[in-house]
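Novice: Below is a structure I'd like to ask you about.
The values are calculated or read from the model by the stated rules, or taken from the named source; none is laboratory data. Note that the structure is predicted; figures quoted are calculated from it, not measured. Please note: Cβ atoms are built from the backbone with ideal geometry, for glycine as well, and neighbour counts cover all protein chains shown.
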């Protein structure tokens, strides 16, 4: 039986050849090591990250991305995902064919694939940190706004909850009354109008201290939003294109809040509690009641905090939610219930691991931690009114 050249080289490698082989495996580990070192250094210096990266370098990066993705109306992210998926499937088919025909050895091809994966993982992780991910290590928004350590008494929490329910009801009525006056349509505002209102709100929001100013690309609907629904995703931000993407199949009344949330990521606020809080802030301070309704409806999580401490008050307050908003809450629950399944659970676990890898210790629980920021915002307003 003849022996191929590659088989002989695998068995008989000179000392210099062994050094070359080691180098081949060590080189792709360099970007990964650099990424871990960069993240560790950034986590120890949040003030420097805030001052030099988040406020100076990152805006330049996002402006460049926004210029490109603002030229097209479709999601570049979605297109890239499909092209990469097709390339991966094509590569696997090609490799399987080569192995079947005896042109390639399985072990040699597996070794090549593993080497390529290490290169891709290391380079992608480093690039992720440079174009967006370092924002995870910036100063916490609650600390900058002076919300940290603020606690609301039970009475204040009840008052805040009553205000949120009242705003949900009143803004629902205003939004649908305005829509009736403007003529028959399925929703009070088109998505283009929602985007313009959100963008203008970001520019003038004083609590963002200028972080909302500048050129930012629009949020993009995903064409295959049904797949996003199966994964339990209402939206996502793609750091490598600078695009906020949203699920076009979800209930329309949640779209303004989701758009504002993904735009917060685009503005460099990576933590989910901060993005939720900023979405609330942008929506409830909007000039249009439909956006305010979307913001307050998603702030009902604050009311939910009373379910355990004072179930009787919570039950009475829940009954005060109007018929229209109550129907919307039922519509939302039914929508996500229809799309429940193993894919959503898998996506949840992946997202949890991703957040923890970026030093968000609570993982996906971070989405619910915006309650403290919303309460802090109300306390700040109460203190301002007393002065």
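Novice: With respect to the numbered conditions (1) surrounded by 11 or more Cβ atoms within 10 Å (Cβ to Cβ); (2) part of a helix (DSSP H, G or I); (3) modelled with pLDDT under 95, which one is the sole condition not fulfilled by residue 74?
Specialist: Checking residue 74 against (1) surrounded by 11 or more Cβ atoms within 10 Å (Cβ to Cβ); (2) part of a helix (DSSP H, G or I); (3) modelled with pLDDT under 95, the one that fails is (2).
Novice: Could you please tell me which pairs satisfy a Cβ distance under 6 Å, a separation of 6+ or placement on different chains, a first residue in the stretch 331-358 that is more than 25 Å from residue 133 (Cβ to Cβ), and a second residue that is in a helix (DSSP H, G or I)?
Specialist: Partner pairs satisfying both residue conditions: 339/229; 339/230; 343/230.
Novice: Sticking with this structure for a sec: From the list 328, 352, 310, pick out the single residue that is under 22 Å from residue 157 (Cα atoms), surrounded by 15 or more Cβ atoms within 10 Å (Cβ to Cβ) and in contact with a helix residue (DSSP H, G or I) (Cβ under 9 Å, 6 or more places away or on another chain).
Specialist: The conditions single out 310.
Novice: What helices (runs of 4 or more DSSP H) completely inside the stretch 227-333 contain at least 2 residues that are on the phi < 0 side of the Ramachandran plot, touching a strand residue (DSSP E or B) at 6+ places or on another chain (Cβ under 7 Å) and not assigned by TED's automatic domain parsing to the domain that holds residue 74?
Specialist: Passing ranges, in order: 255-266.
Novice: Can you report the number of residues in the stretch 147-168 which are under 29 Å from the mean Cα position of the chain (by Cα), surrounded by 18 or more Cβ atoms within 10 Å (Cβ to Cβ) and farther than 10 Å from residue 376 by Cβ?
Specialist: Residues that pass the stated criteria total 7.
Novice: For residue 284, work out the one condition from (1) under 12 Å from residue 161 (Cα atoms); (2) touching a residue at least 40 places away in the same chain (Cβ under 8 Å); (3) surrounded by fewer than 24 Cβ atoms within 10 Å (Cβ to Cβ) it doesn't fulfil.
Specialist: Every listed condition holds for residue 284 apart from (1).
Novice: Only one of these conditions is not met by residue 360: (1) part of a helix (DSSP H, G or I); (2) buried (at least 17 other Cβ atoms within 10 Å of the Cβ). Which number is it?
Specialist: With respect to (1) part of a helix (DSSP H, G or I); (2) buried (at least 17 other Cβ atoms within 10 Å of the Cβ), residue 360 is out only on (1).
Novice: Being in contact (Cβ under 8 Å) with a residue 40 or more places away in the chain and more than 13 Å from residue 26 (Cα to Cα) is the filter; apply it to the stretch 102-125 and report the residue that is surrounded by the most Cβ atoms within 10 Å (Cβ to Cβ). Write out each step before concluding.
Specialist: So in the stretch 102-125, the residues in contact (Cβ under 8 Å) with a residue 40 or more places away in the chain come out as 105, 108, 115, 118-119, 121-123, 125.
With the extra rule that they be more than 13 Å from residue 26 (Cα to Cα), the set shrinks to 105, 108, 121, 123, 125.
On the way: 105: 15, 108: 14, 121: 15, 123: 16, 125: 19.
Looking at residues that are in contact (Cβ under 8 Å) with a residue 40 or more places away in the chain and more than 13 Å from residue 26 (Cα to Cα), I get 125.
Novice: Hey, among 209, 201, which residue is over 17 Å from the mean Cα position of the chain (by Cα) and surrounded by fewer than 20 Cβ atoms within 10 Å (Cβ to Cβ)?
Specialist: 209
Novice: One residue is enough: does the stretch 285-301 have a residue meeting the conditions modelled with pLDDT of 95 or more and within 19 Å of residue 351 (Cβ to Cβ)?
Specialist: Yes, because at least one residue in the stretch 285-301 is modelled with pLDDT of 95 or more and within 19 Å of residue 351 (Cβ to Cβ).
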